[in-house]
């Protein structure tokens, strides 16, 4: 796992951290990685113009 190598931590530690971040809504798992979850629930401008 690149995340474990990047931060110099064990694979199991990285996996637990990813699970915790995704279960609390702080991050979203995407193909090939992890992305910060947007905590702002306001839709973007383009979406709002179609509502």
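The values are calculated or read from the model by the stated rules, or taken from the named source; none is laboratory data. Everything quoted here is computed from the prediction, not taken from an experiment. Virtual Cβ from ideal backbone geometry, glycine too; neighbours counted across all protein chains shown.
Annotations
- Any chance residue 34 is at pLDDT below 90, in a helix (DSSP H, G or I) and in contact with a helix residue (DSSP H, G or I) (Cβ under 9 Å, 6 or more places away or on another chain): no
- Picking from residues in segment 37-51 that are loosely packed, with under 10 Cβ neighbours inside 10 Å and assigned to a loop (DSSP other than H, G, I, E, B), the one that is modelled with the highest pLDDT is 38.
- Segment 8-31, residues that are in a helix (DSSP H, G or I) and surrounded by 11 or more Cβ atoms within 10 Å (Cβ to Cβ): 11, 13, 14, 15, 16, 17, 18, 19, 20, 21, 22
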